[in-house]
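Okay, here's the structure, questions in a sec.
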Amino acid sequence: MLLEVEGLTVRFGGLTALADVALTVEPGEIAAVIGPNGAGKTTLFAAISGFLRPQAGRVRFAGQDVTGMPPERLCALGLVRTFQVTRPFAGLTVRENIAVAAHLRHRSRAAALALAGRVAERVHLADRLERPAAELTLAGRKRLELARALATEPRLLLLDEVLAGLNPAEIAEMEPVIRGLREDGITVLLIEHVMQAVMRLSDRVWVLVGGRIVASGPPAAVVRDPAVIEAYLGPGAAERLERERALAGGA
Ligand SMILES: Nc1ncnc2c1ncn2[C@@H]1O[C@H](COP(=O)(O)OP(=O)(O)O)[C@@H](O)[C@H]1O
Ligand SMILES: [Mg+2]
C-alpha cells in the first residue's frame, strides 16, 4: 500500500468534517474521491498532505507514519497535493512558476528551469512557457497547478478538482495527461466532480458523504450503489430508479 488512512477525524469547532475515514491507495493506481459539495473531500486532502492536523487517526505513506508531518516534509518524501483554487505567482512567467517547485530537488537554477520546460511539455503548456502566469486562462492555471506539483517529482499526487470549470474539449485534453502519469510511476488520488471523467480515469472510487466513506470499489459498481445514488439524488432515489427501471422493462 502506498497510502493508508485510518480513523481520520477532523473537526472545525462543532462541525465534524471527517469522521473515522479509512482509505487505501495502491502503488500505480488512479483512485478517486467523489462526494457532494461539503462532503469533506478537500479537508481529507488537507489532512493527508499535512495542511491540517487531524484530531484523530493515522496517515501512513510508503510504510511510514506521516501523521501531522508538515507539507514541506511530505513533499520531500514524495506526497504532494494541488489546490482547488490556484494561486500562481502572477508576476513570474509560467516557466519560473514551475521552476520554484522544481527547486525542491534541483539546487541549480539551470536544472530547475530545464525541468520546468519538460514538465510544461507534459501538461501542454510549452507554448506559454515564457508568458506571465497572470495571462493564463482558467484551463491554463489548472495545468500550471498540475505542472507545479509534477515539478516536485512526486510518488503520490493528490489532485483537487483539476478538471473543474474546464469545457469538454479541455477535459478531453487533460485526461490523457492524468492517465499518462501512471507510466511515470506516479500514483494518483483525485477529487473530481466530472463523473464521466472519474468513470474513464479511475481504477477505484471512494465515496465521501458527510465526512464518512459510504462506498468504495470500481467506478461502474459504485455508481450503482444505492448509498451513492441517495447521496447525490436524495433519500428514496435508489428505490425510485429501481421502480422506473422495472416499469421500463429494463434489467
Ligand atoms: N477551515 C475551515 N473552517 C471551518 N469549516 C471548514 C473549513 N474547511 C472546511 N470546512 C467545512 O467542512 C466541510 C467540508 O468542507 P470541504 O472539505 O471543503 O468539502 P468538499 O471539498 O467535499 O466540498 C464543509 O461543511 C465546510 O464548510
Ligand atoms: Mg473541495
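All of the numbers you see were taken from the coordinates with simple rules; none came from a lab. A quick note: this is a predicted structure, and the numbers were derived from the prediction, not measured. Every residue, glycine as well, gets a Cβ built from its backbone with ideal geometry; the counts of neighbours run over all protein chains shown.
Give the order of Phe83, Phe45, Phe12 when sorted by the count of other beta carbons within 10 angstrom, beginning with the fewest.
Starting with the residue having the fewest Cβ neighbours, the order is Phe12, Phe83, Phe45.
Putting +1 on Lys and Arg Cβ atoms and -1 on Asp and Glu Cβ atoms, find which of Ile171, Leu104, Val10 reaches farthest to the positive end of the dipole of the chain.
Comparing the listed Cα positions along the dipole, Leu104 ranks first.
Shifting gears a bit: Taking amide H positions as placed in the peptide plane 1.01 Å from N, state which residues far from Arg11 in sequence (5 or more) or on other chains have amide H under 5 Å from it.
Ala17, Gln55
Once you've got the GNM for the chain with C-alpha springs shorter than 10 Å, pick whichever of Leu233, Leu113, Leu74 has the biggest mean-square fluctuation.
Comparing Leu233, Leu113, Leu74 in a Gaussian network model of the chain, the most mobile one is Leu233.
HN-Hα J couplings of the range 10-15 from phi, Karplus 6.51/-1.76/1.60, θ = phi - 60°, integer Hz, Gly and Pro as x?
Karplus-based 3J(HN,Hα) across the range 10-15 equals 10, 10, 10, x, x, 8 Hz.
Additional query: Enumerate the calculated ³J(HN,Hα) couplings along the range 34-41 in order (Karplus 6.51 cos²θ - 1.76 cosθ + 1.60, θ = phi - 60°), each rounded to whole Hz, writing x wherever the residue is Gly or Pro.
Ordered by residue, 3J(HN,Hα) equals 10, x, x, 4, x, 5, x, 5 Hz.
Once amide H atoms are placed 1.01 Å from N in the peptide plane, what residues at a sequence separation of 5 or more from Arg131, or on another chain, have their amide H within under 5 Å of its amide H?
When sequence neighbours closer than 5 places are left aside, the close amide H contacts are Val94, Arg95.
Which order results if Asp127, Asp20 are arranged by neighbouring Cβ count within 10 Å, fewest first?
Asp127, Asp20
Given the chain, what percent of its DSSP beta bridges are antiparallel, to the nearest 5?
That works out to approximately 55 percent antiparallel.
Using alpha-carbon positions, what is the distance between the centroids of the range 2-23 and the range 172-251, in Å?
So the two Cα centres are separated by 21 Å.
Let me ask you something else. Using θ = phi - 60° and the Karplus form 6.51 cos²θ - 1.76 cosθ + 1.60, what ³J(HN,Hα) does each residue of the range 210-225 get, whole Hz, x for Gly and Pro?
x, x, 10, 7, 9, 6, 7, x, x, x, 5, 6, 4, 5, 9, 6
On to the next question. Quick one: dipole size for the chain, taken about the Cα centre, charges +1 on Lys/Arg Cβ and -1 on Asp/Glu Cβ, in debye to the nearest 20. All intermediate terms of the calculation are to be shown ahead of the outcome.
Details: 30 positive and 28 negative charges, 121 e Å.
Taking the Cα centre of the chain as origin, the dipole is about 580 debye.
Order of Met199, Met1, Met174 from fewest to most other C-beta atoms within 10 Å?
Values: Met199 16, Met1 11, Met174 23.
Listing Met199, Met1, Met174 from fewest to most nearby Cβ atoms yields Met1, Met199, Met174.
What do you get for the angle between helix 138-150 and the principal long axis of the chain? Use alpha-carbon atoms, 0 to 90 degrees, nearest ten.
70 degrees
Ok, one more. Can you list residues whose amide H is under 5 Å from Ala215's amide H, if they're 5+ apart or on another chain and H is modeled 1.01 Å from N?
When sequence neighbours closer than 5 places are left aside, the close amide H contacts are Val207.
Follow-up question, since we're still on this one. For the range 3-247, count all C-alpha to C-alpha pairs, find those more than 29 Å apart, and express that count as a whole percent of the total.
Values: 9267 of 29890 pairs.
Considering the range 3-247, 31 percent of its Cα-Cα pairs are separated by more than 29 Å.
I've got another one for you. Over the chain, with a Gaussian network built from C-alpha contacts below 10 Å, which listed residue (Leu23, Leu15, Leu189) shows the highest mean-square fluctuation?
Leu15
Along the three principal axes, how long is the range 68-135 when you take its alpha carbons, biggest first, rounded to the nearest angstrom?
The Cα atoms of the range 68-135 stretch 38, 29, 22 Å along their principal axes.
I want to verify a result. In a Gaussian network model of the chain, Cα cutoff 10 Å, which of these has the top mean-square fluctuation: Arg87, Arg95, Arg240?
So, out of Arg87, Arg95, Arg240, the one fluctuating most is Arg240.
Something else: Stretched out fully, how many nm does the piece from Ala56 to Arg87 gain, at 0.36 nm a residue minus the Cα gap?
Stretched out fully, the Ala56 to Arg87 stretch lengthens by 8.2 nm.
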